[in-house]
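The values are calculated or read from the model by the stated rules, or taken from the named source; none is laboratory data. A quick note: this is a predicted structure, and the numbers were derived from the prediction, not measured. FYI the Cβ positions are ideal-geometry reconstructions off the backbone, even for glycines, and counts take in every protein chain you see.
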Amino acid sequence: QVQLVESGGGLVQPGGSLRLSCAASGSIFRINAMAWYRQAPGKQRELVAVITSGGSTNYADFEKGRFTISRDNAKNTVYLQMNSLKPEDTAVYYCNADVVVRGFISDFAFWGQGTQVTVSS
């Protein structure tokens, strides 16, 4: 139906950078908001950033300007540029999209499989 595929995760040293990508494919009529979440071991899943189809963005307070979310509507792809990474950023990062599926009127939430981000020296 609809698939979200994340890429760009990996191991990075403190202070380093990573760029995550998430591409949506399938029976897509329209994608409304796209977002990144993360979940560390023993912690609840938390919102990292969200971007609407119109380009409006919102960020979690813990980022303090370190992260930037962007979107390519033509490619159904969302990105998360992460700079000045800290060990506490270590988590599985999940892509989320509110999608209007072809043939349906209402929208549905879809999730990617997640990509591991590890910040360690």
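Here is the figure for region 9-52: residues that are of a type in the set (Ser, Thr, Tyr) and over 18 Å from the mean Cα position of the chain (by Cα) total 1. For Val78, the requirement of being closer than 19 Å to Gln1 by Cβ, at pLDDT 95 or above and out of contact with any Gly (no Cβ under 8 Å at 6 or more places or on another chain) is met.
Here Arg66 does not fit the description of being surrounded by 12 or more Cβ atoms within 10 Å (Cβ to Cβ) and within 17 Å of Leu4 (Cα to Cα). Taken over region 27-55, the residue count meeting the criterion of being within 14 Å of Thr68 (Cβ to Cβ) and surrounded by fewer than 13 Cβ atoms within 10 Å (Cβ to Cβ) is 1.
Looking only at residues of region 85-121 that are touching a residue at least 12 places away in the same chain (Cβ under 8 Å) and among the hydroxyl-bearing types (Ser, Thr, Tyr), we find that the one that is surrounded by the fewest Cβ atoms within 10 Å (Cβ to Cβ) is Ser121. The single condition from (1) free of Cβ contacts under 8 Å to residues at least 60 places away in the same chain; (2) over 21 Å from Thr90 (Cα atoms); (3) surrounded by 13 or more Cβ atoms within 10 Å (Cβ to Cβ); (4) not acidic (Asp, Glu) that Ala24 fails is (1).
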